[in-house]
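Bear in mind these aren't lab numbers, they're just calculated from the coordinates by the rules spelled out. In this text, all values refer to a predicted model and were calculated from it rather than measured experimentally. Here Cβ is always computed from backbone atoms with ideal geometry, including for glycine, and neighbour counts include all displayed protein chains.
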Amino acid sequence: MLTLEDVTAGYGGGNVLQGVSLTCGEGTVTCIVGPNGAGKSTVLRVISGLLRCRTGSVALAGSRLDQLDPARILALGITQVPQSQALFPGMSVRENVLLGGYLIRRDRRLLAARFDAVVARIPLVGERARDQAGNLSGGQRRMVEIARCLMLSPKLLLLDEPSLGLDPRSLAGVAGLIRSLHEGGTTVLMVEQNVRLGLGLATHGVVMEGGKVRLTGTAAAVRDNPEMASLYLGGTPASVKETQHG
Ligand SMILES: Nc1ncnc2c1ncn2[C@@H]1O[C@H](COP(=O)(O)OP(=O)(O)O)[C@@H](O)[C@H]1O
Ligand SMILES: [Mg+2]
């Protein structure tokens, strides 16, 4: 469904991504893991059009999108949950979620139907609809950020570090939501620093290091690959050590 082929991209002189190729099949949950600075977020930025690739291509269902504006890419059904501080704290939960339907704002009926569908999937949005977003916990905000992206009924949902800064309970909530999105058929591409969590939720894994893809495969195969251990030696996140030792 989504294909990156030999993508190079960067911010200044050098290239951060050095020939990245990966695919996400329809209905899969793909998780990109790798050390800090590996280029994981940069991959998401290239897909959503926030950063142009210098060479290579990005295609959705066979159609190139690497030369399109972010707004066009959004209209094609690719939405990204931004890393943090994405909600307007002084606006209600409902208003924040409705902002995600900006592209369909003229079709009030569709907007309302989508909102109801999002509430059915994420009951918190209904329960806290009138509350200010600023009054929510970190985990609840993350759910509302995802809810906002679901207003466009995306073909592909990009999540950058959904677990970042969440306590274990909120984390379980967000993980449950990602599982339910997968069960509902949404294709997800996520970046996760919590390797165990990410590969536990995913169907497929991609390991990046130094702007390159080091390993790909089913999530289980990536998790159990002995190379994972060597990649993370040194500044090893605890989650990888745990995975490694069972
Ligand atoms: N806006 C930017 N300007 C310049 N360099 C950047 C920018 N964003 C990221 N980088 C650099 O690109 C590299 C990869 O960053 P990033 O994709 O954010 O890595 P990851 O998400 O894997 O931690 C890092 O060396 C980082 O310093
Ligand atoms: Mg990142």
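Here are the numbers for this structure:
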| read-out | value |
| --- | --- |
| Answer residue from the range 81-117, given it is under 12 Å from SER153 (Cα atoms) and in a loop (DSSP other than H, G, I, E, B) and is nearest to ligand 1 (Cβ to nearest atom) among those | GLY100 |
| Condition met for LEU22 (among the hydrophobic types (A, V, I, L, M, F, W, C) and near ligand 1 (Cβ under 9 Å from one of its atoms)) | no |
| Filtered residues of the range 148-177 (kept if of a type outside the set (D, E, K, R), closer than 30 Å to ALA59 by Cα, touching a Leu at 6+ places or on another chain (Cβ under 8 Å) and more than 16 Å from ligand 1 (Cβ to nearest atom)) | CYS149, LEU150, MET151, LEU152, LEU156, LEU157, VAL174, ALA175 |
| The range 44-80, subset part of a strand (DSSP E or B), within 14 Å of the chain's Cα centre (by Cα) and not aliphatic (A, V, I, L, M), residue nearest to ligand 1 (Cβ to nearest atom) | GLN80 |
| Count of the range 1-43 residues which are small (Gly, Ala, Ser) and either within 23 Å of GLU227 (Cα to Cα) or part of a strand (DSSP E or B) (or both) | 8 |
| Close pairs from the range 171-193: first without any contact (Cβ under 8 Å) to a residue 24 or more places away in the chain, partner more than 16 Å from ligand 2 (Cβ to nearest atom), Cβ under 7 Å, at least 6 apart | ARG179/LEU201 |
| Residue within the range 84-97 that is surrounded by 13 or more Cβ atoms within 10 Å (Cβ to Cβ) and under 16 Å from the mean Cα position of the chain (by Cα) present | yes |
